[in-house]
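A quick write-up on the structure given underneath.
The values are calculated or read from the model by the stated rules, or taken from the named source; none is laboratory data. Just so it is clear, the model here is predicted, and its values are computed rather than measured. Every residue, glycine among them, receives a Cβ derived from its backbone with ideal geometry; neighbour counts consider all protein chains shown. Accessible surface is based on the protein model in full, side chains and every heavy atom, while ligands, DNA and RNA are left aside. Shrake-Rupley method; radii C 1.70, N 1.55, O 1.52, S 1.80 Å.
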Amino acid sequence: MSKNPDPSSTDASGSKSTKEEATIKVPSKDPKKKDDKKDEDLSEEDLALKQQLELYVERAQDADPGLQKVALESMRQEIRTSTSSMTSVPKPLKFLRPHYGTLKGYYEKMPDSDLKKLMADILSVLALTMSAEGERESLKYRLVGSQGEIGSWGHEYVSPFWHLKYWLTDYFYRNLAGEISQEYVKRQSEEASIDDLMELVQQIVAFHMKHNAEPEAVDLLMEVEDLDLLVEHVDNTNYKRTCSYLTSSAKYLPGPDDMLVLDIAYTIYMKFEEYPSALVTALYLDNTQYVKQVFTSCDDLLRKKQFCYILARHGQTFELDEEMCAEDEEREGLQEIINNTKLSEGYLTLARDIEVMEAKTPDDIYKPHLLDGRASAGASVDSARQNLASTFVNAFVNAGFGQDKLMTVPSEASSGGASTSWLFKNKEHGKASAAASLGMILLWDVDSGLAQIDKYFHSTDTHVIAGALLGVGIVNCGIKNECDPALALLAEYIDKEDPSIRIGAIMGLGLAYAGSQNEQIRSKLTPILGDSKASLDVLAFTAISLGLVYVGSCNEEIAQAIIFALMERSESELGEPFARLLPLGLGLLYLGKQESVEATAEVSKTFNEKIRKHCDMTLLSCAYAGTGNVLKVQHFLGQCAQHFEKGETFQGPAVLGIAMVAMAEELGLEMAIRSLEHLLQYGEQNIRRAVPLALALLCISNPKVNVMDTLSRLSHDSDSEVAMAAIISLGLIGAGTNNARIAGMLRNLSSYYYKEANLLFCVRIAQGLVHLGKGLLTLSPYHSEHFLLSPTALAGLVTLLHACLDMKAIILGKYHYILYFLTLAMQPRMLLTVDENLKPLSVPVRVGQAVDVVGQAGRPKTITGFQTHSTPVLLAAGDRAELATEKYIPLSPILEGFVILKENPDYRDDQ
């Protein structure tokens, strides 16, 4: 056969792509010679294939339709059989490249027939590597082709990902899926019909879902805005992979697409009765109807108990009705789990197993024997400030253990024993924190806690009563009770004249009923906001408590009450540090609710200029907390870039806003840390004071080495406010981890600052936080493998951080008990497995660093560097556990907190 490098092959259609022109080099003096040389390089087999294909091209243009058909069929067969290999560009496509123009030109001249459709099919595949950029020829020919089975051409045709490793990136968007999304956008803008495209999408999605390419199917459906199609294509083998991709990608999507994607994930989980995952998704969506639907759809009581444990961990106040559980006795049992009444019992089971029940004293934490002489001598001086610090350290370290060596009275001692003597080693407002610390030690144990705190109510000292009221709130924090003991005890003290008693009762109610949206509390606290005689600190605590009780509810009545309170205050009062906590109370009402805040934010623009910008930043930061919204992070960075003659208070909340928004996912978090480093270098002093606090929020109970080093550097800063914020932040990033490096840093700082009472106080608080609950607690508001954000936990953290923006006036003043807002975020960082009767059951589990396996092929390992332990076990930040036995089946896919195990009926013991 004579070789025919037909000139028309480069320009038969009358037009030629610029791309192709660019790739053709200038021919040598004798192109024929060069062509022969190229042919010599080919193996005999390849040369035969090349000549064969050239013959097919020639015959495809023959006048005889029979001959044409045979040639086209043969050409299609050659291409089909080659695309199954993915090691290089398929040879037929390579050899047909020079003839693409020829075939295209001939196609235009062909009359409409089945042969023309067959030619269109072949051109559609050839266009993958040969069409010009943006021409979408692969799609064009596909739509006019024979519409045959799409998968028969092989993976390269359908998707960019399979052949991306082997083919030049130039060809990335020349595959069908990429071209469909481009064409879809074009047609949408022109308002043209998309029916033919959607038919093709159906085929591609079906093909992807059958071939373990779920991410590609999801991406395509997102591009053409028709994710609902996914539900009919998922099956038992691929729904978990599909949903894990959906829930992971939701973090990176703008609203409302993110919610739509999660909605689809919820629908799929419900379709396959994967109820625990559906419940977690429903909680993320904050959709009570969906939560109810999970309960009503499931008939298994044991699984319902597991749902209740998930709700309890999230801090969700939820009332079960007859529809969700018909039997009264069963419903009561389930409600008890939701009310978290078993939390104290489980926590103490963990403590006994790890053998840390013995009470610790502040000196066990300070380790004065490791310090040099002068510092340890300074530490032994009995000053009220040091005793106050020890009160907090004692409370944090023994939190929830029910016993300590300062506050709880040994049984053999008389009623006026150790606790009373320690209480009076504190001065005035210090006594309030000391009395409240008893609530922290007896955390979650309501019956025992109330009995022990009761003695302080008979005191004549107003500060002790205030502390007792706060202690009642702390004990009840996160625990719901049918009798509402906190409300019964605290309600009568709300309207007392003494401001410290009022604050104790108001803050106690805020802690005890956070997230409950309790109407009685609203009716009791809202009038205080309208009381012109009430002092500013009482108003601030009222706003914060209402914000906590109605966190994320967008309650308009409370919002209006706080707005009026802000408007009625004089200009001098609005300059006070406590005035800045009123907007925070307002912000908590909109926590994580995004656009819902806009109307209130508009109203805030009418406030006095002293508070206007501060209020705006606080509202925005709360509304977009935990969303990862990049535009909002940019907005806050823009606010921080401004330089003012005198320090502006609004920049503090803007810095915290960066952390609150960016904490949602790991990538944004790392970028936020880098941005905050830049702010340290270029920002004004008021910004530098807020940066350590923002870093603390990003890495709460997760001591990252780079952040630790930054905070360590800042703890020696020349500005004492920066140093204090950095020291408290060191405590927060190491909270409940017993991190030896941070503990060492803080010991050295206690020696360095032994003459500076304020800084030493901060060091002590940080030391207490690092050893929080003897290392069994976490302050992280995230749970369920960092997927769910507990709004009450975040609200507690944010309240403390806002108070730390003016450390000297609030925490170092007489309002140090604001530190107890951390109780809202305290949770045991445990995995406790229980049997079907909810009794602790010890089983082997593997605990290791979690690995992100979303979208990976096969069944990759989800943890790395694991160790095998027996439950109950502690889980550090970023850890994941998996069962190391097949004897039991966990009723929750996420092994965190309380997990019910049921026996595996198919398990056979090898013995």
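So here's what we get for this one:
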read-out	value
Residue within the stretch 353-367 that is assigned to a helix (DSSP H, G or I), open to solvent by 20 Å² or more (accessible area, probe 1.4 Å), more than 30 Å from PRO840 (Cβ to Cβ) and modelled with pLDDT of 80 or more present	yes
Residue satisfying condition, being open to solvent by 30 Å² or more (accessible area, probe 1.4 Å), at pLDDT below 90 and under 26 Å from PRO577 (Cβ atoms), within set PHE644, PHE650	PHE644
The stretch 207-243, residues that are in contact with a helix residue (DSSP H, G or I) (Cβ under 6 Å, 6 or more places away or on another chain), over 19 Å from TYR269 (Cβ atoms) and open to solvent by less than 50 Å² (accessible area, probe 1.4 Å)	PHE207, HIS208, GLU216, LEU220, VAL224
Residue in the stretch 317-329 that is surrounded by fewer than 19 Cβ atoms within 10 Å (Cβ to Cβ), under 31 Å from the mean Cα position of the chain (by Cα), touching a residue at least 40 places away in the same chain (Cβ under 8 Å) and part of a loop (DSSP other than H, G, I, E, B) present	yes
Count of the stretch 594-642 residues which are closer than 21 Å to ALA672 by Cβ and of a type in the set (Lys, Arg)	1
Qualifying residue in the stretch 797-808 (condition: closer than 24 Å to ALA540 by Cα, of a type in the set (Ser, Thr, Tyr) and in a helix (DSSP H, G or I))	yes
Strands (runs of 3 or more DSSP E) wholly inside the stretch 824-911 that include at least 2 residues being acidic (Asp, Glu) and within 24 Å of the chain's Cα centre (by Cα)	879-883
Residue check for GLU886: in contact with a Lys or Arg (Cβ under 8 Å, 6 or more places away or on another chain) and acidic (Asp, Glu)	no
Evaluation of PRO703 against (1) modelled with pLDDT of 90 or more; (2) farther than 21 Å from ALA735 by Cα; (3) not in a helix (DSSP H, G or I) (one fails), failing number	(2)
Matching option when the condition is open to solvent by 50 Å² or more (accessible area, probe 1.4 Å), modelled with pLDDT of 90 or more and of a type in the set (Val, Ile, Thr), among THR267, THR281, THR247	THR267
Residues satisfying the stated conditions in the stretch 61-79, i.e. open to solvent by less than 60 Å² (accessible area, probe 1.4 Å) and either modelled with pLDDT of 70 or more or more than 54 Å from the chain's Cα centre (by Cα) (or both)	ASP62, GLY66, GLN68, ALA71, LEU72, SER74, MET75, ARG76, GLU78
Condition met for LEU891 (open to solvent by less than 50 Å² (accessible area, probe 1.4 Å) and either touching a Lys or Arg at 6+ places or on another chain (Cβ under 6 Å) or of a type in the set (D, E, K, R) (or both))	yes
Options ASP363, ASP321, ASP286; residue that is acidic (Asp, Glu) and under 30 Å from LEU760 (Cα atoms)	ASP363
Given (1) farther than 30 Å from THR823 by Cβ; (2) free of Cβ contacts under 8 Å to residues at least 60 places away in the same chain; (3) open to solvent by 10 Å² or more (accessible area, probe 1.4 Å), index of the condition TYR290 fails	(1)
Residue that is most open to solvent (accessible area, probe 1.4 Å), among those in the stretch 492-513 that are part of a helix (DSSP H, G or I) and over 29 Å from PRO781 (Cβ atoms)	GLU492
Residue in the stretch 228-235 that is among the β-branched types (Val, Ile, Thr) and assigned to a helix (DSSP H, G or I) present	yes
Of residues in the stretch 470-491 being part of a loop (DSSP other than H, G, I, E, B) and under 31 Å from the mean Cα position of the chain (by Cα), the one surrounded by the fewest Cβ atoms within 10 Å (Cβ to Cβ)	ASN481
Yes/no for ALA690 being under 22 Å from GLY587 (Cβ atoms), modelled with pLDDT of 90 or more and touching a Gly at 6+ places or on another chain (Cβ under 6 Å)	yes
Only listed residue being open to solvent by 10 Å² or more (accessible area, probe 1.4 Å) and in contact (Cβ under 8 Å) with a residue 24 or more places away in the chain, chosen from THR823, THR778, THR799	THR778
Residue, modelled with the lowest pLDDT, within the stretch 80-112, restricted to residues that are of a type in the set (A, V, I, L, M) and assigned to a loop (DSSP other than H, G, I, E, B)	MET86
Yes/no for LEU302 being modelled with pLDDT of 80 or more, open to solvent by less than 70 Å² (accessible area, probe 1.4 Å), touching a strand residue (DSSP E or B) at 6+ places or on another chain (Cβ under 8 Å) and aliphatic (A, V, I, L, M)	yes
Residue under evaluation SER621, criteria (1) in a helix (DSSP H, G or I); (2) within 28 Å of GLU666 (Cα to Cα); (3) open to solvent by 30 Å² or more (accessible area, probe 1.4 Å), criterion not met	(3)
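Residue by residue, here is whether (1) of a type in the set (D, E, K, R); (2) surrounded by 21 or more Cβ atoms within 10 Å (Cβ to Cβ) holds:
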| position | (1), (2) |
| --- | --- |
| MET724 | no, yes |
| ILE728 | no, yes |
| GLY734 | no, yes |
| ASN738 | no, no |
| ARG741 | yes, no |
| ASN748 | no, no |
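Each row is one residue, and each column tells you yes or no for (1) surrounded by 20 or more Cβ atoms within 10 Å (Cβ to Cβ); (2) under 25 Å from the mean Cα position of the chain (by Cα); (3) assigned to a helix (DSSP H, G or I); (4) touching a residue at least 12 places away in the same chain (Cβ under 8 Å).
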residue	(1), (2), (3), (4)
ALA664	yes, yes, no, yes
ILE687	yes, no, yes, yes
LEU693	yes, yes, yes, yes
SER718	no, no, no, no
